[in-house]
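Q: Input: one structure, supplied below.
The values are calculated or read from the model by the stated rules, or taken from the named source; none is laboratory data. If you're wondering where the values come from, they're calculated on a predicted model, not measured in any experiment. Here Cβ is always computed from backbone atoms with ideal geometry, including for glycine, and neighbour counts include all displayed protein chains.
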Amino acid sequence: MSHHIVEARDLHYTYPDGTEAVKGISFRITHGESVAVVGANGAGKSTLLQHLNGYLIPSRGELRIGDYTLTRKNIDQVRRSVGMVFQDPDDQLFMPTVFDDVAFGPLNLGLPEDEVREKVRLALETVGMTHLMKRPPYKLSGGEKRSVAIATVLAMSPDVLVMDEPSSNLDPMARRRLIGLLKSFHHTKIIATHDLDMALEVCERTIVIHHGRLLADSGTVDLFSNEVLLSESGLEKPLSMQGCQVCSKTAMAFQPKKTDHDHHHHTHDHDHTH
């Protein structure tokens, strides 16, 4: 299963203007793991992700994707293993119809038309968008575009899914549908996101990037419980782990004043679920 491994060893990247964006990051992600990459704006998340599909080549250190160490010579092999879903679906959708967009990658691989049609059908079925097959992408909603962009990647049968802010600009229902979809995938998933609540639901492991360095790499629940670490990283605890401030204030407002008599006997049952 080595073709599913993503491993960085002392990865460095410096932009042509001298900005050092990635400073000695190391990690190893194995088959079937779902890993969130989190950090404040400018932490280096997007720069790191752009290495995973060969858009950027390390200035120093090593990145291994499956059986290949990333170099300029084997970018094509790396890109066959990694499916990249960009932050803006419009960067991925440019053909006249949804079918054409999802078929574009497999056709470029030289696959027979029958096989391409089957791959398109399966990919769109997986994301629940077969009914939009003949629709022009510009007529899709934001959530539909995001789902179709994921289908364009799935049609290439990648070993690893890499996503940059997949829940950005989605309404609550589309976001909920996306989370359900991501949870159903058995791919190795690497998801850069500001949406820590989504990370908590989808990823059992989280990597924290801060000023280009790896600050933490741990189980998501444990890491998001560490308020000192989150504060150092410019992050806030996910809303679902903060408790409901409204409920707490409401309960206090309506709680009867305790007397000396009932001080030792009164219990407050607050059975509100979120």
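Q: Within segment 59-80, can you find the residues that are in a loop (DSSP other than H, G, I, E, B), in contact with a helix residue (DSSP H, G or I) (Cβ under 6 Å, 6 or more places away or on another chain) and at pLDDT 90 or above?
A: Kept after step one, since they are in a loop (DSSP other than H, G, I, E, B), are these residues of segment 59-80: 59, 66-67, 70-71.
Pick out the ones that are also in contact with a helix residue (DSSP H, G or I) (Cβ under 6 Å, 6 or more places away or on another chain) and you get 66-67, 70.
The answer is LEU70, and nothing else.
Q: Right, another one. Those residues that are crowded, with 20+ Cβ neighbours inside 10 Å, among the hydroxyl-bearing types (Ser, Thr, Tyr), out of contact with any His (no Cβ under 9 Å at 6 or more places or on another chain) and farther than 23 Å from ASP100 by Cα, I need them from segment 144-194; list them, please.
A: The one that is crowded, with 20+ Cβ neighbours inside 10 Å, among the hydroxyl-bearing types (Ser, Thr, Tyr), out of contact with any His (no Cβ under 9 Å at 6 or more places or on another chain) and farther than 23 Å from ASP100 by Cα: THR193.
Q: Do we have any residue at all in segment 81-93 that's assigned to a helix (DSSP H, G or I), aliphatic (A, V, I, L, M) and under 23 Å from the mean Cα position of the chain (by Cα)?
A: Of all residues in segment 81-93, those assigned to a helix (DSSP H, G or I) come to 81, 89-91.
Adding the requirement that they be aliphatic (A, V, I, L, M) leaves none.
No: segment 81-93 contains no residue that is assigned to a helix (DSSP H, G or I), aliphatic (A, V, I, L, M) and under 23 Å from the mean Cα position of the chain (by Cα).
Q: Residues being in contact (Cβ under 8 Å) with a residue 12 or more places away in the chain, exposed (fewer than 14 other Cβ atoms within 10 Å of the Cβ) and within 29 Å of THR193 (Cβ to Cβ): count how many of those fall in segment 83-124.
A: The number of residues fulfilling the criteria is 2.
Q: I've got another one for you. State all residues of segment 6-45 that are over 23 Å from LEU196 (Cα atoms), out of contact with any strand residue (DSSP E or B) (no Cβ under 7 Å at 6 or more places or on another chain) and not small (Gly, Ala, Ser); if no residue qualifies, say none.
A: Result: PRO16, ASP17, THR19.
Q: Test ILE75 against the criterion of being touching a residue at least 60 places away in the same chain (Cβ under 8 Å) and either at negative phi or exposed (fewer than 14 other Cβ atoms within 10 Å of the Cβ) (or both), and give yes or no.
A: Values: touching a residue at least 60 places away in the same chain (Cβ under 8 Å): no; either at negative phi or exposed (fewer than 14 other Cβ atoms within 10 Å of the Cβ) (or both): yes.
The answer is no for ILE75.
Q: Moving on. Which numbered condition in (1) more than 23 Å from HIS187 (Cβ to Cβ); (2) in contact with a helix residue (DSSP H, G or I) (Cβ under 8 Å, 6 or more places away or on another chain); (3) loosely packed, with under 15 Cβ neighbours inside 10 Å; (4) not aromatic (Phe, Trp, Tyr) is the only one that ASN41 fails?
A: (2) is the only condition that ASN41 fails.
Q: Can you name the residue in segment 5-22 that is buried (at least 18 other Cβ atoms within 10 Å of the Cβ) and more than 14 Å from ILE207 (Cβ to Cβ) and is also modelled with the lowest pLDDT among such residues? Show your work before the answer.
A: First pass over segment 5-22, keeping only residues buried (at least 18 other Cβ atoms within 10 Å of the Cβ): 5-6, 8, 11, 13, 21-22.
This time we only want the ones that are more than 14 Å from ILE207 (Cβ to Cβ), so: 5, 13, 21.
On the way: ILE5: 88, TYR13: 96, ALA21: 94.
Per the criteria, the residue is ILE5.
Q: Name the residues in segment 6-64 that are hydrophobic (A, V, I, L, M, F, W, C) and farther than 25 Å from GLU232 by Cβ, would you? Quick ask: steps written out before the conclusion?
A: If we filter segment 6-64 for residues that are hydrophobic (A, V, I, L, M, F, W, C), which is where we start, we get 6, 8, 11, 21-22, 25, 27, 29, 35-38, 40, 43, 48-49, 52, 56-57, 63.
Of everything in segment 6-64, those that are hydrophobic (A, V, I, L, M, F, W, C) and farther than 25 Å from GLU232 by Cβ turn out to be VAL6, LEU52, LEU56, ILE57, LEU63.
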